[in-house]
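Asks: Could you have a look at this structure, given as structure tokens, before my questions?
Please treat every number below as a calculation from the coordinates, not as lab data. Computed from a predicted model, the values in this text were never measured in an experiment. With ideal geometry, Cβ positions are generated from the backbone for all residues, glycine too; neighbour counts draw on all protein chains shown.
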Amino acid sequence: MHRIPFVVVGLFLAVLGSVGRMSASQATPGPSGHWVGSLEAGQTIGMEIDLATKNGAWYGTISVPSQGSRGVPLADLVVKGNTISFAIKGAPGDPNYSGTIGADGKTITGTFSQGGGSLPLTFERKGEAKFEIPQKSTPITKDLEGSWEGTLDVKGTLLRLVLKLANGPEGATGVLVSLDQNNVEIPVSTVTQEGSKLKLLITMISGTFDGELKGGELAGTWTQGPLTLPLVFKRAAK
């Protein structure tokens, strides 16, 4: 058995969600609910998935509490008969899972693969699905729209970041790009502005940025898990 060389969630992880179509031949309700399992990859990594259907399409999220990751949308989610498969887009090693739903509907037994390695992973049903409802974003002013660049110093490791902000029909939207981690794009869950102050919530990696626009710069603090670090964004060079 190959050892999984990567954890599911790094410091920054971009995950693009999608829904999977329900097979027309499926005769059972399928794996709707909240599922909990543990991956033994040199250490025990607890994982939780939430699955449900809407308008005939399956959708779901995965959480890895020990790594501060919650509500990451599943990609390429397919439920067909008693089988299920999904992927986690943007993570190192292209992690994916394939499993079989038990006859009693209480377990999903399968294999988690990542970076050329694979390990067994069994989920147990623990009740109804628990999807988190994100806080709504506010609109932002014109002087905040566009691209910003900053560098995060994580104990000597420099991570170059690009922050893209725009206004949408339901408030502001944002994307954080980590240039030194294969240009992964991390959606900003919530963008809120109050005067010159800006707050970003990135639930996929349990990160927040609290900053203030002064002199054409966004100066503030990045918080993720036990880390609290200074971070300054400047206008991206055109």
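Asks: Just want the answer: with Cβ charges of +1 for Lys and Arg and -1 for Asp and Glu, which residue in Thr44, Gly116, Gln67 is farthest toward the dipole's positive end in the chain?
Replies: Gly116
Asks: How far is the Cα center of the range 147-186 from the Cα center of the range 201-238, in Å?
Replies: 9
Asks: May I pose another question? Along each principal axis of its Cα atoms, how long is the range 20-125 end to end? Whole angstroms, biggest number first, please.
Replies: Between the extreme Cα coordinates on each principal axis of the range 20-125 lie 39, 27, 24 Å.
Asks: Which distance in Å, rounded to a whole number, links the C-alpha centroids of the range 85-104 and the range 40-66?
Replies: Computed from Cα coordinates, the inter-centre distance equals 9 Å.
Asks: Given charges of +1 on the Cβ of Lys and Arg and -1 on the Cβ of Asp and Glu, with all other atoms neutral, how large is the dipole of the chain about its Cα centre, in debye to the nearest 20?
Replies: Values: 21 positive and 20 negative charges, 39 e Å.
Approximately 180 debye in magnitude.
Asks: Among all stretches of the chain without exposed GluC sites (Glu not before Pro) (DSSP loop, at most 16 other Cβ atoms within 10 Å), which one is longest?
Replies: With a cap of 16 other Cβ atoms within 10 Å, the longest stretch comes to 1-127.
Asks: Now, a different point. So how much slack lies between Gln43 and Val154, counting 0.36 nm per residue of separation and subtracting their Cα-Cα distance, in nm?
Replies: On the way: separation 111, 0.36 × 111 = 39.96 nm, distance 2.34 nm.
Contour length minus Cα-Cα distance gives 37.6 nm.
Asks: Starting from a Cα-only point model with no solvent, please compute log10 I(q)/I(0) by Debye for the chain at q = 0.07, 0.09, 0.13, 0.14 1/Å.
Replies: So the normalised log intensities are -0.26, -0.43, -0.83, -0.93.
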